[in-house]
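Report on one structure; see the data block that follows.
The values are calculated or read from the model by the stated rules, or taken from the named source; none is laboratory data. What you see is a predicted model, and the numbers here were worked out from it, not measured in a lab. Methodologically, a virtual Cβ is constructed for each residue, glycine included, from the backbone with ideal geometry; neighbour enumeration extends over all protein chains shown.
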Amino acid sequence: MEPVKIRIFSMIKDESGESQTTEQSYAGMMTERSGKYYVMYQEDAQSGLEGTKTTLKWDQNRVIIMRNGTVDHRQEFAQGYKDKSLYQTPYLKIPLLTHTRYLYTYFRKGKWHLEMEYTLYHGDAPYGEMKLLIEIEGM
């Protein structure tokens, strides 16, 4: 396991056309096994998920985000893929559908880039258009 810096840039455009952008930074650990990469880090109060461990798993064609703790959720991204999942908190369970339109993972200048664009649905209703960029760099 090697220590890494993780920066997450997210943008959501809701159904009314309003956009919101956030940036978060974490320290975590990274490893590679059988051609797949893994990064683990602890969420903080800024993310609203304090007490949750997040694991990123990816290869060239797929990114999986797994959260365990105060929130349990597994979300999978692959070009054209529709992922049904259940976002579980201590208080409620929210059915979600993630439809990935764009996915690109690459390593350049000592840094991993995981880029995703997707539509998130809550039940049958669109929740918003999402863009996510995750940068992972050795420390």
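For the stretch 1-31, a residue qualifies if it is in a strand (DSSP E or B) and without any contact (Cβ under 8 Å) to a residue 12 or more places away in the chain, and the qualifying residues are Ser19, Gln20. Could you grab me the full set of residues in the stretch 32-51 that are in a strand (DSSP E or B) and not polar (S, T, N, Q)? If the condition is that a residue be in a strand (DSSP E or B) and not polar (S, T, N, Q), then Glu32, Arg33, Lys36, Tyr37, Tyr38, Val39, Met40, Tyr41 are the ones that fit.
Checked across the stretch 83-99, the condition of being out of contact with any Phe, Trp or Tyr (no Cβ under 9 Å at 6 or more places or on another chain) and within 25 Å of Glu137 (Cβ to Cβ) holds for no residue. Look at Pro126 and say whether it is part of a strand (DSSP E or B), more than 12 Å from the chain's Cα centre (by Cα) and either exposed (fewer than 15 other Cβ atoms within 10 Å of the Cβ) or modelled with pLDDT of 95 or more (or both). When the stated conditions are applied, Pro126 passes them. For the stretch 32-84, the tally of residues that are touching a residue at least 40 places away in the same chain (Cβ under 8 Å), acidic (Asp, Glu) and surrounded by 17 or more Cβ atoms within 10 Å (Cβ to Cβ) stands at 0.
For the stretch 111-120, the criterion of being closer than 29 Å to Glu2 by Cα, touching a residue at least 12 places away in the same chain (Cβ under 8 Å), of a type in the set (Phe, Trp, Tyr) and touching a Ser or Thr at 6+ places or on another chain (Cβ under 9 Å) is met by at least one residue.
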